[in-house]
1. Checking N53 against (1) within 14 Å of the chain's Cα centre (by Cα); (2) surrounded by 13 or more Cβ atoms within 10 Å (Cβ to Cβ); (3) not small (G, A, S), which single condition isn't satisfied?
2. In the range 62-81, which residues are surrounded by fewer than 18 Cβ atoms within 10 Å (Cβ to Cβ) and under 18 Å from V122 (Cα atoms)?
3. With Y78, Y60 as the choices, which residue is of a type in the set (F, W, Y), farther than 16 Å from G9 by Cβ and touching a residue at least 12 places away in the same chain (Cβ under 8 Å)?
4. Just for the range 19-50: of the residues that are surrounded by fewer than 20 Cβ atoms within 10 Å (Cβ to Cβ) and more than 18 Å from Q116 (Cα to Cα), which one is modelled with the highest pLDDT?
5. How many residues does the range 82-103 contain that are open to solvent by 40 Å² or more (accessible area, probe 1.4 Å) and under 15 Å from Y31 (Cα atoms)?
6. Can you name the number of the only condition in (1) among the charged types (D, E, K, R); (2) touching a Pro at 6+ places or on another chain (Cβ under 9 Å); (3) farther than 13 Å from T89 by Cα that E6 fails?
7. Give the range 64-93 a look and list any residue that's of a type in the set (G, A, S) and within 14 Å of the chain's Cα centre (by Cα), or say none.
8. Out of V91, V120, I need the residue that is in contact with a helix residue (DSSP H, G or I) (Cβ under 8 Å, 6 or more places away or on another chain) and aliphatic (A, V, I, L, M). Which one?
Amino acid sequence: QVQLAESGGGLVQPGGSLRLSCIGSGFTLDYYAVGWFRQSPGKEREGVSCIPNNDQNWIYRDSVKGRFTISRAENTVYLQMDSLKPEDTAVYYCATVRRGSWCPGFNPDDYENWGQGTQVTVSS
């Protein structure tokens with residue numbers, strides 16, 4: 001069974017940093033591409049970043065490029081978030097790509113094995 005759990009969220013001031021972790025149980029990084037999504041009240045779930053199983057050609061949402069960095073090691077996928085803005089406030093989720101080792105984009109229907117999410121709040 002593939003089970004994911006997110007951690008690392010919290011309250012941070014604008015311009016601050018957080019590192020999120022997506023920890024896999026029954027999860028082999030060699031075989032799964034993994035995406036990070038976020039959702040805030042009244043908004044649809046939107047893709048943030050995705051990393052393929054070969055750790056190459058990862059993708060980012062335009063609004064986070066240059067600020068967020070995705071990486072992976074062993075059974076964990078990380079999302080380093082720097083220069084955080086209030087609009088980054090959301091619950092952040094990780095999920096695996098359905099039937100693929102490459103990132104297909106940011107359609108949530110292409111992902112499965114969603115974690116429970118971790119809250120990120122950016123406020124002064």
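1. All conditions pass for N53, except number (1).
2. S63, K65, G66, R67, T69, Q80
3. Numbers: Y78 fails: farther than 16 Å from G9 by Cβ.
After ruling out the rest, the residue left standing is Y60.
4. Among those residues, the one meeting the criterion is G42.
5. Residues that pass the stated criteria total 3.
6. Looking at each condition in turn, E6 falls short on (2).
7. Correct list: S71, A90.
8. Selected residue: V120, the only one of V91, V120 that is in contact with a helix residue (DSSP H, G or I) (Cβ under 8 Å, 6 or more places away or on another chain) and aliphatic (A, V, I, L, M).
The values are calculated or read from the model by the stated rules, or taken from the named source; none is laboratory data. Keep in mind that what you see is a predicted model, and the values were worked out from it rather than measured. Please note: Cβ atoms are built from the backbone with ideal geometry, for glycine as well, and neighbour counts cover all protein chains shown. Only protein heavy atoms, including side chains, enter the accessible area calculation; ligands, DNA and RNA are left aside. Shrake-Rupley method; radii C 1.70, N 1.55, O 1.52, S 1.80 Å.
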